[in-house]
Amino acid sequence: QVQLVVSGGGLVQAGGSLRLSCAASGRTFRSYAMGWFRQAPGKEREFVAAIRWSGGRTFYADSVKGRFSISKDNAKNTVYLQMNSLKPEDTAVYYCAASDTVVPVTTTTADYWGQGTQATVSS
């Protein structure tokens with residue numbers, strides 16, 4: 001079984017920054033790609049960013065391009081989401097996801113999910 005453990009999140013003022021981490025463990029972990037999703041109250045879970053383990057190609061939702069950065073540490077099986085210039089509309093529960101076969105850009109393409117972490121941006 002694969003486990004994804006998320007850390008980070010918290011409360012920050014608009015314009016501030018937060019960093020999320022997602023550590024993967026379990027069976028010989030070698031997924032194809034990892035991603036971040038978020039879910040605001042009353043809204044559906046949406047894609048934020050993703051990265052391939054091999055090569056490191058990154059993918060971003062238009063709403064976070066230029067402000068968020070996804071990165072990885074292969075040796076630690078850990079993916080990070082650096083969130084800068086945060087806006088109140090970024091407030092959501094953020095989830096880490098992994099896929100064995102594709103880049104997880106939709107909820108249906110994720111094979112594994114981590115627990116959510118709350119990120120709150122005050123105005």
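Being in a loop (DSSP other than H, G, I, E, B) and touching a helix residue (DSSP H, G or I) at 6+ places or on another chain (Cβ under 8 Å) is the filter; apply it to region 102-120 and report the residue that is most open to solvent (accessible area, probe 1.4 Å). Filtering region 102-120 for residues that are in a loop (DSSP other than H, G, I, E, B) and touching a helix residue (DSSP H, G or I) at 6+ places or on another chain (Cβ under 8 Å), the one most open to solvent (accessible area, probe 1.4 Å) comes out as V102. When region 1-36 is filtered for residues that are in contact with a Phe, Trp or Tyr (Cβ under 8 Å, 6 or more places away or on another chain), more than 21 Å from T107 (Cβ to Cβ) and part of a loop (DSSP other than H, G, I, E, B), only R30 remains. Tallying residues that are surrounded by fewer than 16 Cβ atoms within 10 Å (Cβ to Cβ) and under 16 Å from the mean Cα position of the chain (by Cα) within region 15-24 yields 2.
Mind telling me which of the residues V12, V2 ends up being β-branched (V, I, T), surrounded by 12 or more Cβ atoms within 10 Å (Cβ to Cβ) and under 14 Å from V79 (Cβ atoms)?
The unique qualifying residue is V2.
Residues in region 8-30 that are more than 22 Å from S99 (Cβ to Cβ) and of a type outside the set (S, T, Y): G9, G10, L11, V12, Q13, A14, G15, G16, L18, R19. Filter region 87-101 for residues that are free of Cβ contacts under 8 Å to residues at least 60 places away in the same chain and part of a strand (DSSP E or B); which is surrounded by the most Cβ atoms within 10 Å (Cβ to Cβ)? Going through the qualifying residues, I end up with A92.
Applying the condition of being part of a strand (DSSP E or B) and of a type in the set (V, I, T) to region 37-85 and asking which residue is most open to solvent (accessible area, probe 1.4 Å) yields T58.
The values are calculated or read from the model by the stated rules, or taken from the named source; none is laboratory data. Computed from a prediction, not measured in an experiment: that's the story for all the values here. Here the Cβ is made from the backbone with ideal geometry for all residues, glycine too, and neighbour counts use every protein chain on show. Heads up: the accessible areas ignore ligands, DNA and RNA and are worked out on the full protein's heavy atoms, side chains in. Shrake-Rupley method; radii C 1.70, N 1.55, O 1.52, S 1.80 Å.
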